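Read through the structure below, which is laid out as structure tokens, and then see the notes.
The values are calculated or read from the model by the stated rules, or taken from the named source; none is laboratory data. Predicted, not measured: the structure shown is a model, and the values here were computed from it. Don't worry about glycine lacking a Cβ; one is built from the backbone with ideal geometry, like all the others, and counts go over all protein chains shown. Just so you know, the surface numbers come from the protein's heavy atoms only, side chains and all, with ligands and any DNA or RNA stripped out. Shrake-Rupley method; radii C 1.70, N 1.55, O 1.52, S 1.80 Å.
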Amino acid sequence: MDKNLIQRTISGLIYVFVIAICTTPFGEYLFGNIIPDLKQQYLFYGLITFFLVVGLYECIKIMKFDNSIYKWLVFPIAAIIYYRFSKRFFYHGFFFDVNFSEILSFALIPIAVITLFKYSRELYFENGKLIFTVIYLALPFGFALGLPKFSTLHPDKPFTLEVFMLFVLIWGSDTFAYLTGKFFGKHKMAPKISPKKTWEGFAGGVILTLILGFFVEKYFPELRGNWMIVGLLTSIFAPLGDLVESQLKRSFAVKDSGNIIPGHGGILDRLDSFIICAPVIYLYFILEKLF
């Protein structure tokens, strides 16, 4: 058997296992006897924080920051923004009082994406790299903290599975799109950015992720929102997330964001879809609650 395939399989299973224990009550159950005071939200918070820190490091490498003040400002500025979200969500659970700063935060993400695709030369300047990195990573991971239901102030509220199920939909969307594209793909979606993506694969991903969302909605009624809608949003924005990261690497002539996951690349390579989907799903949850 191909050694690379074995390596990819083992590292992939470990990756899925880590996400499972950090985004479901299984983690608290597994380690509860060893660490009695451990709560599931601690594992979740640790996982998202780890993703942010490694993602920032990989983005700095991809964008080839000079050894200037902008490079050293990335982590402090990202930490301040992320702390605002972490304090808000970690202690009080999900919030619906959308304020101006949060609306601005949502608006900055598409602006950063448009800049990457249409005005990528702006990202060759050190200040442009700094702004893009912080928006691209600190904001989405910050919003990700608000997806599950939990509250440190109210321990009786159980930790729910919104983040884990979002990962399941993303994995399903990627798999369905790949298989459909492999067998039926003829029309390239973005040949210069991601030559293997096809419109047929995209359509297959949408249809089958909707079906997957139907089963999530049916068997997990306690989750926030309608998961057929979540499935539709995921199937649309997950490929966009992949294209964003592919364009970022292409703009700076980089193949992989890193090698922290053997055979799979870096954190950004694995979480490109999640980075775009997390704020979109959070926004949907807010709108669903308000209207």
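Report, to one decimal in Å, the Kirkwood hydrodynamic radius for region 18-78 based on all distinct Cα pairs. Walk me through the numbers before you get to the answer.
On the way: mean 1/r = 0.0745 Å⁻¹.
Mean inverse Cα-Cα distance, inverted, gives 13.4 Å.
What the Cβ-Cβ distance of I207 and I69 gives, at R0 = 35 Å and to the nearest 0.05, is a FRET efficiency of 0.10.
Across region 3-290, Cα pairs under 8 Å and at least six residues apart give a relative contact order of 21 percent. Peptides 281-287, 184-190, 66-72 ranked from most to least packed, by the mean per-residue count of other Cβ atoms within 10 Å: 281-287, 184-190, 66-72. Amide H contacts of T198 (H built 1.01 Å from N, in plane; Pro and chain starts excluded): M189 sit under 5 Å, all sequence-distant by 5 or more or on other chains. Length available on full extension from L13 to F106: 0.36 nm per residue minus the Cα-Cα distance, which gives 30.2 nm. When the chain is described by a simple charge dipole with +1 on each Lys and Arg Cβ and -1 on each Asp and Glu Cβ, the residue from I131, S251, A20 located farthest towards its positive end is S251.
Rounded to whole Å and ordered largest first, report the semi-axes of the equivalent ellipsoid of the chain derived from its Cα gyration tensor (root of 5λ).
Details: eigenvalues 151, 121, 82 Å².
Semi-axis lengths for the chain are 28, 25, 20 Å.
Comparing G241, F214, T115 along the charge dipole axis of the chain, the residue lying farthest to the positive side is T115, per the Cβ-charge model. Karplus-based coupling profile of region 48-56, in residue order and whole Hz: 5, 5, 4, 4, 5, 4, 5, x, 4, with θ = phi - 60° in 6.51 cos²θ - 1.76 cosθ + 1.60 and x standing for Gly or Pro. Within the assembled protein chains, the solvent-accessible surface assigned to R84 is about 90 Å², based on a 1.4 Å probe.
In the structure shown, do any of K71/K249; K118/K197; K61/K192; K182/K249; K61/K186 have a Cα-Cα gap over 30 Å, and if so which? Walk me through the numbers on the way to the answer.
Working: K71/K249 18 Å; K118/K197 20 Å; K61/K192 22 Å; K182/K249 24 Å; K61/K186 35 Å.
Beyond 30 Å between Cα atoms: K61/K186.
Any idea what the alpha-carbon Rg over 2.2 N^0.38 Å comes to for region 201-291? So the Cα radius of gyration is 1.25 times the expected 2.2 N^0.38 Å.
Quick one: which of 227-240, 258-271 comes out on top by average Cβ neighbours within 10 Å, and what's the full order, highest first?
Details: 227-240: 22.4, 258-271: 19.6.
Those peptides, ordered most packed to least, come out 227-240, 258-271.
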